[in-house]
Amino acid sequence: MSGDHYHNEDQINCGSRVNDSHKHKDKYKEKEHKHKDHKKDKEREKFKHGNSDHKDPSDKKHRDKEKMKHKDGSTDKFKDKHKEKRKEEKMKSFDGRIKKENGFASPPHVKSEPEDDFYHSPRHDKPLKRERDDDNDSEFKPKKIKTENDKKAKKRKQEDEDFKSKKTKNKKGEVTDGKKKAKKEPEEKWKWWEEERYTDGVKWKFLEHKGPVFAPPYEPLPSHVKFYYDGKHMKLSPDAEEVATFFAKMLDHEYTTKDIFRKNFFKDWRKEMTSEEKAKITDLKKCDFTEMSVFFKGQSEARKALTREEKQKIKEENERTLQEYGFCIMDNHKERIANFRIEPPGLFRGRGDHPKMGMLKRRIRPGDIIINCSKDSKYPEPPPGTKWKEVRHDNKVTWLVSWTENIQGSIKYIMLNPSSRIKGEKDWQKYETARRLKKCVDRIRAQYRDDWKSKEMRIRQRAVALYFIDKLALRAGNEKEEGETADTVGCCSLRVEHIKLYPEKDGQEFVVEFDFLGKDSIRYYNTVPVEKRVFKNLQLFMENKEPDDDLFDRLNTSILNKHLQELMDGLTAKVFRTYNASITLQQQVKELTNAEDNIPAKILSYNRANRAVAILCNHQRAPPKTFEKSMQNLQTKIDAKRNQLSDAKRELKSAKADAKMRKDEKSKKAVETKKKAVQRIEEQLMKLEVQATDREENKQIALGTSKLNYLDPRISVAWCKKWGIPVEKIYNKTQREKFAWAIDMADEDYEF
DNA sequence: GTACAGACTTAGGAACATTACT
DNA sequence: AGTAATGTTCCTAAGTCTGTAC
């Protein structure tokens with residue numbers, strides 16, 4: 001695995017964050033303004049398709065109709081449908097929501113397994129119980145919750161050869177470290193990673209929790225806060241008023257200036273109005289929400305201005321809620337829940353150009369909620385006078401609570417915190433899969449290179465797509481329902497308009513320029529030299545296609561993943577992202593760390609390695625609003641420190657001269673003191689300079705996402721141990737909790 | 001094979017808390 | 001002490017991928 005496998009250097013410089021004005025829908029308009037801020041425009045203009053016989057776009061309609069022929073003689077099929085859809089739905093996008101309104105969705109059938117076969121297992125000869133403990137099932141009911149480490153750290157039978165050797169070593173070791181007692185966590189940390197895992201899809205044996213915390217009920221506005229329509233005061237009915245406040249709260253946000261947002265909001269708002277209101281309020285432009293907006297701003301000011309005691313009180317109240325609802329009991333252990341609060345009602349804020357932005361996200365009530373818990377647990381109580389939609393006992397899933405959301409009709413869940421066993425195990429397993437890929441990636445690469453020559457179009461497309469996924473860490477790119485979401489793509493869903501081919505560019509041959517919106521409408525821009533065969537294939541794939549045709553018309557994620565599954569057990573497209581991210585970190589950290597550097601400099605190296613990964617994965621952020629200013633401040637500080645240093649040096653010099661003359665103890669001591677001062681200041685200066693570099697380089701790059709989701713934490717832990725860097729410098733408290741397994745098990749020679 | 005539901009991971013930004021600075 | 005900068009947590013949208021039914 002060589003570092004030059006990637007070619008992302010210019011991605012960051014060129015990649016500018018795409019704002020919401022970016023419209024893929026209006027593809028013709030699009031063409032003109034899409035790249036307006038882009039320096040590469042000229043080259044683009046010059047470039048015409050490599051094939052001189054490329055059809056004139058004017059015969060497009062005709063062409064659209066006929067089935068496209070491929071070299072392998074096959075015709076285009078399933079993908080056409082989506083394209084047609086995309087075009088059509090541009091027209092009609094807004095009415096989609098009714099069909100999936102939650103209230104009408106028939107409840108997904110509850111599997112209430114018969115008593116005798118509750119823990120239904122595909123293989124009845126094999127007990128599902130975890131093997132770590134010998135006794136009966138009742139062990140999983142919390143007669144008393146285990147708070148100390150399990151005595152027996154049995155071996156996992158899984159693939160993790162690496163840990164088998166270490167796993168048992170310090171099962172007691174950590175018991176001695178009682179520093180967390182100082183905090184409010186009297187319990188010893190449970191080392192789930194030293195225990196057996198479930199097999200056969202059972203996720204837990206016992207689960208008990210208190211259910212969700214609902215959003216606070218709507219509090220009507222005080223009567224002095226008025227709403228005006230067409231300049232006249234109007235008292236709104238409570239329902240209409242509530243929805244109005246959602247809009248009022250966002251008045252300062254750019255969202256409220258957008259047509260789609262306003263249109264969607266107004267449509268949904270009207271549904272909440274009484275018939276009189278509906279008759280009167282017909283134009284959003286005539287609505288004046290400013291008093292409401294002012295009122296809410298005042299409220300948040302007031303909240304900030306609370307006295308220390310009052311703030312303390314609120315904090316305590318929150319803490320109580322957390323203690324009561326923020327934890328569950330899963331198989332003998334108290335585990336933290338991630339999101340125990342139900343999402344409050346409000347206006348939907350999609351990312352990018354979302355066709356549904358501004359729609360009303362309705363209030364979730366107990367009747368919408370499905371509870372999942374053990375049969376033999378104490379069920380959560382619905383609020384007085386209400387009922388849950390359903391209580392089920394499905395131990396093949398990890399969620400505690402679910403409901404159906406009304407914007408997309410998708411299901412939302414309450415699940416456990418990343419520090420929990422159930423999340424941690426999965427995370428660990430993810431990295432193990434990536435490490436297995438490491439062992440066979442050469443073979444897979446050889447194979448896809450071979451497939452570039454295949455007689456079959458579908459194989460070639462698969463192979464080129466896989467090459468992109470591997471080389472550029474692109475996401476798989478599932479098809480999306482058109483008109484339901486922002487128009488974003490991943491690898492398999494790339495369209496012809498998203499790439500440009502340059503037989504020669506900036507002295508390099510066979511350059512591909514990518515420019516598309518990925519997940520969260522984050523722009524991916526990259527120019528990459530590719531192998532000649534890839535280039536030729538791309539030309540072939542693009543032949544006789546329109547800009548909005550699929551580049552890989554014979555491929556989708558399901559085909560790709562099926563293929564990957566055959567190459568390696570558990571292999572899917574996203575494993576490549578994990579693998580390439582982690583292997584890059586490992587290489588970079590090795591390459592960049594200087595043994596003789598001090599700790600801050602080493603951490604800079606680490607951050608740079610992390611940054612290389614973030615760039616690879618295209619993890620961007622909006623440059624902080626205060627970026628320039630804070631950079632300036634830092635520079636000022638650096639200058640001041642420089643002055644301070646030269647002063648200190650001067651003083652040292654004169655002290656030395658002084659000591660030379662007097663030769664007494666006192667002046668010698670003074671020299672020592674001055675020396676120390678100089679040293680200290682030098683260090684401080686260095687630290688500041690490092691900080692400045694780090695920050696500058698980090699302007700538009702988000703490190704957090706890769707750190708949290710792509711980098712095998714054991715690589716980082718090993719690096720810390722190797723160089724004597726406290727792990728706190730790399731991971732904050734939350735991160736340390738999430739990666740407790742890695743911190744515990746990895747030693748300095750861990751290799752990904 | 002395709003459409004859809006479901007479950008779960010990944011993602012950036014907002015809100016909030018803490019620390020550093022004046 | 002008050003304010004600004006920075007770090008952390010919360011929030012929830014937007015992906016991936018699997019399973020199932022036709």
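So how far, in whole Å, is the C-alpha centre of the stretch A:735-752 from the one of the stretch A:691-706?
After rounding, the separation between the Cα centres reads 23 Å.
Going by the alpha-carbon gyration tensor, a ≥ b ≥ c the square roots of its eigenvalues, is the stretch A:616-724 rounded (a/c under 1.5) or, if a/c is not under 1.5, prolate (a/b greater than b/c) versus oblate?
oblate
Of the accessible area of the stretch A:227-305, with the probe set at 1.4 angstrom, what percent is carbon plus sulfur?
The C+S portion of the solvent-accessible surface of the stretch A:227-305 is 53 percent.
Residue by residue through the stretch A:712-723, what is 3J(HN,Hα) from phi via Karplus (6.51 cos²θ - 1.76 cosθ + 1.60, θ = phi - 60°)? Round to whole Hz and write x for glycine and proline.
3, x, 5, 5, 5, 4, 4, 4, 4, 5, 4, 9
Cα centroid distance between the stretch A:302-327 and the stretch A:465-540, in Å?
Comparing the Cα centres of the stretch A:302-327 and the stretch A:465-540, I get a distance of 49 Å.
Using the Karplus curve 6.51 cos²θ - 1.76 cosθ + 1.60 with θ = phi - 60°, work out ³J(HN,Hα) for each residue of the stretch A:522-534 in order, rounded to whole Hz, and write x for Gly and Pro.
Per residue, the Karplus-derived 3J(HN,Hα) values read 7, 6, 10, 10, 7, 10, 9, x, 10, 5, 3, 4, 4 Hz.
For residue A:392, list long-range residues whose amide hydrogen, built 1.01 Å from N in the peptide plane, is under 5 Å from its own amide hydrogen.
Answer set, sorted by chain and number: A:371, A:372, A:373.
Subtracting the Cα-Cα distance from 0.36 nm times the residue separation, let me have the gained length for residue A:239 to residue A:669 in nm, one decimal.
The residue A:239-residue A:669 span can extend by a further 147.0 nm.
How large is ³J(HN,Hα), in whole Hz, for each residue of the stretch A:343-354 in order, when computed from phi with the Karplus curve 6.51 cos²θ - 1.76 cosθ + 1.60 and θ = phi - 60°, using x for Gly and Pro?
Residue by residue, the stretch A:343-354 yields 4, x, x, x, 9, 5, 10, x, 9, x, 8, 8 Hz.
Is there a pair in A:249/A:361; A:267/A:480; A:641/A:669; A:297/A:361 whose C-alpha atoms are over 18 Å apart, and which pairs would that be?
As for pairs spanning more than 18 Å Cα to Cα, those are A:267/A:480; A:641/A:669; A:297/A:361.
Among A:606, A:644, A:624, whose Cα projects farthest towards the positive end of the dipole of the stretch A:583-745, with charges put on the beta-carbon of Lys, Arg (+1) and Asp, Glu (-1)?
A:644
Ignoring ligands, DNA and RNA, please state the percent of accessible area on the stretch A:583-745 from carbon and sulfur, probe 1.4 Å.
52 percent
Please state the charge dipole magnitude for the stretch A:227-305, taken about the Cα centre, from unit charges on C-beta atoms (+1 on K and R, -1 on D and E), reported in debye and rounded to the nearest 20.
In debye, rounded to 20, the stretch A:227-305 gives about 120.
Enumerate the amide H contacts of residue A:213 below 5 Å, restricted to partners 5 or more residues apart or on another chain; note that Pro and chain-start residues carry no placed amide H.
A:341, A:342
From the Cα gyration tensor of the stretch A:433-519, with a ≥ b ≥ c the square roots of its eigenvalues, which class applies: rounded if a/c is under 1.5, or else prolate if a/b is larger than b/c, or else oblate?
Oblate, since a/c reaches 1.5 and b/c is not below a/b.
What does the net charge come to around residue A:364 if you take all other residues with beta carbon closer than 12 Å to its beta carbon, with K and R at +1 and D and E at -1?
My count for the surroundings of residue A:364 gives +4.
The values are calculated or read from the model by the stated rules, or taken from the named source; none is laboratory data. Computed from a predicted model, the values in this text were never measured in an experiment. Here the Cβ is made from the backbone with ideal geometry for all residues, glycine too, and neighbour counts use every protein chain on show. Accessible surface is based on the protein model in full, side chains and every heavy atom, while ligands, DNA and RNA are left aside. Shrake-Rupley method; radii C 1.70, N 1.55, O 1.52, S 1.80 Å.
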